[in-house]
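This report concerns only the one structure given below.
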Amino acid sequence: MRPYGVDGLAFFGVGGTVQYDTRDEPANPQEGVLFRISGTMYPASHGLSESFSKSQCDLRAFFGGKGVPALTLAMRVLGEKVWGNVPFFEQPNLGGWSGLRGLSTGRYIGDALALSTLELRGSLWRVNFLLPSTMGLAVFAETGRVFVAGETSDRWHASYGGSIWIAPWSRDNTISVMAAGSREGLEFYLDVGMGF
């Protein structure tokens, strides 16, 4: 298979984002809300056979105590949709660190997607060995699916997992190690931040 876009395209788009953010620390928040809605339109040009557009809506909420020790309930709902003849690398996709952890990156691709996540994070210890740091644990469950025109499947895909994290100096410097599982196997991640 050689999906549209695999041979390379050069194109430009015009778009915008509206965002409301009250999170206390973007990399590892304990409280606050993030609401982001964005849209982009790509006109036909530079090898693009026809115009296409895409939009995304992302809502994240964090509830809990401040400081250490403290528990935070983190929730996310994400939706994305494209219109037109879209190159495969611009289509909504699920899998990987940023959406449906426990599946390989881009495992499911479609015309639209929906994703929801529920995560419980604990800021548990202060450590003063080499650097003043905070350490914690997290567990999560999430589910999502893609939608494809003409497809009748109504299957949702689930994943679950946990992580251990450390934040030298402040939670903005969070580094996390995560294990996430699904029906397709187990994935491991090492990254800056908490995934969302």
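Among residues of the range 82-103 being surrounded by fewer than 22 Cβ atoms within 10 Å (Cβ to Cβ) and touching an Asp or Glu at 6+ places or on another chain (Cβ under 7 Å), the one that is nearest to ASP7 (Cα to Cα) is ASN85. Only a single item in (1) assigned to a strand (DSSP E or B); (2) farther than 27 Å from GLY32 by Cα; (3) not small (Gly, Ala, Ser) is not met by MET135, and it is number (2). Here the range 44-60 is the region considered, the condition is being surrounded by 16 or more Cβ atoms within 10 Å (Cβ to Cβ) and either in contact with an Asp or Glu (Cβ under 6 Å, 6 or more places away or on another chain) or of a type in the set (D, E, K, R) (or both), and the residue that is nearest to GLY99 (Cα to Cα) is ASP58.
Any chance the range 5-23 includes a residue that's in contact (Cβ under 8 Å) with a residue 40 or more places away in the chain and part of a strand (DSSP E or B)? There is no residue in the range 5-23 that is in contact (Cβ under 8 Å) with a residue 40 or more places away in the chain and part of a strand (DSSP E or B). Considering GLY150, GLY195, GLY185, the condition of being of a type outside the set (S, T, N, Q) and surrounded by 14 or more Cβ atoms within 10 Å (Cβ to Cβ) is satisfied by GLY195 alone. Against the condition assigned to a loop (DSSP other than H, G, I, E, B) and either of a type in the set (Ser, Thr, Tyr) or under 28 Å from GLN91 (Cβ atoms) (or both), how does ASP154 come out, does it pass? In short, yes.
Values quoted throughout were computed directly from the atomic coordinates according to the rules given, and no laboratory measurement underlies them. This structure is a prediction, so every number in the text was calculated from the model and none was measured. Don't worry about glycine lacking a Cβ; one is built from the backbone with ideal geometry, like all the others, and counts go over all protein chains shown.
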